[in-house]
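See below for the structure under consideration.
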Amino acid sequence: MKSPELMGFLIGLGIVFVISVWIAIDAHNNRIPTIGDEYNINTGALAWFLAGQFLCGLFIIPIYLIKRSAVMTKRAEQRRREYSAEARERVLEQERQECEGELEEVIAGLQQQVRDLRFDISSLLRLLQSKNLLTPTDMALLIAKRVLQDSNLPGAPSFQAEHEATAIQAAPAERKK
């Protein structure tokens, strides 16, 4: 039989070995460096395993857990910031699309109002003409004025102003006839 001291020593070594292996596996899976922020062969799982073996796993566990907590917290914060930026971009894109949709609705509504107004004006002009309140000359001047307003021809405002004055003067004379 083996002595109890030797058994206790072997059990202690086994515990240190198991702890060192667990630290190495966890450090590899989570990419926890021993020093700094860069994980590589010199600062990765092998370094943690060797530190656990030579510095006794019981002393390394608290050091590893503190380092692991700091690294994991930093990564979680970084992911949260990245997610926040992506979420903000998605929200802004969604709001932009909603605004574009609302703008298209407003434009369609305005276009419908313009069509309705043109119809109302046309109806009013026909009514005035049917009651002999609007002569063909007045109608021609109104149409010319409308055409000039719709087109952006140079000199249109002066032509328009001249013919408005003529139309105002000619209208009462034609109505008297």
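Out of curiosity, is Thr166 touching a Leu at 6+ places or on another chain (Cβ under 8 Å), over 30 Å from Asp37 (Cβ atoms) and either modelled with pLDDT of 80 or more or hydroxyl-bearing (Ser, Thr, Tyr) (or both)? Walk me through it before giving the result.
Numbers: touching a Leu at 6+ places or on another chain (Cβ under 8 Å): yes; over 30 Å from Asp37 (Cβ atoms): yes; either modelled with pLDDT of 80 or more or hydroxyl-bearing (Ser, Thr, Tyr) (or both): yes.
Answer is yes for this residue.
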Discussion item. Can you confirm whether Arg81 is touching a Phe, Trp or Tyr at 6+ places or on another chain (Cβ under 6 Å), of a type outside the set (Phe, Trp, Tyr) and surrounded by fewer than 17 Cβ atoms within 10 Å (Cβ to Cβ)?
Written reply: no
Fill in: Looking only at the range 40-91, and only at residues there that are among the polar types (S, T, N, Q) and free of Cβ contacts under 8 Å to residues at least 24 places away in the same chain, the one that is nearest to Ala24 (Cα to Cα)
Thr43
Response to the item:
Among the residues of the range 11-55, the number that are exposed (fewer than 13 other Cβ atoms within 10 Å of the Cβ), modelled with pLDDT under 80 and either more than 17 Å from Ser69 (Cβ to Cβ) or not charged (D, E, K, R) (or both) is 7
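Condition first: charged (D, E, K, R), in a helix (DSSP H, G or I) and under 48 Å from the mean Cα position of the chain (by Cα). Now tell me which residues in the range 1-32 satisfy that.
Asp26
Report whether or not Lys145 is among the charged types (D, E, K, R), modelled with pLDDT under 80, exposed (fewer than 10 other Cβ atoms within 10 Å of the Cβ) and farther than 30 Å from Thr34 by Cα.
Numbers: among the charged types (D, E, K, R): yes; modelled with pLDDT under 80: yes; exposed (fewer than 10 other Cβ atoms within 10 Å of the Cβ): no; farther than 30 Å from Thr34 by Cα: yes.
The answer is no for Lys145.
Going through the range 56-110 one residue at a time, which ones are of a type in the set (S, T, N, Q) and at pLDDT 85 or above?
Within the range 56-110, Ser69, Thr73, Gln78, Gln94, Gln97 meet the criteria.
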Worksheet item: Which one of these is within 9 Å of the chain's Cα centre (by Cα), closer than 30 Å to Pro33 by Cα and in a helix (DSSP H, G or I): Glu86, Glu93, Glu82, Glu77?
Response: Glu86
Worksheet item: Is it the case that some residue within the range 2-9 is charged (D, E, K, R), surrounded by fewer than 10 Cβ atoms within 10 Å (Cβ to Cβ) and at pLDDT 80 or above?
Response: yes
Practice prompt. Determine if the range 33-54 includes at least one residue that is among the β-branched types (Val, Ile, Thr) and not in a loop (DSSP other than H, G, I, E, B).
Written response: no
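For the range 24-83, what are the residues that are charged (D, E, K, R) and more than 30 Å from Ile11 (Cα to Cα)? Outline the logic, then answer.
Within the range 24-83, the first condition is being charged (D, E, K, R), and the residues that meet it are 26, 31, 37-38, 67-68, 74-75, 77, 79-82.
Scanning the range 24-83 gives Asp37, Glu38, Lys74, Arg75, Glu77, Arg79, Arg80, Arg81, Glu82.
The values are calculated or read from the model by the stated rules, or taken from the named source; none is laboratory data. Here the structure is a predicted model, which is why all the values come from computation and not from measurement. A quick note on method: Cβ atoms are made from the backbone with ideal geometry, for glycine too, and the neighbour counts reach across all protein chains shown.
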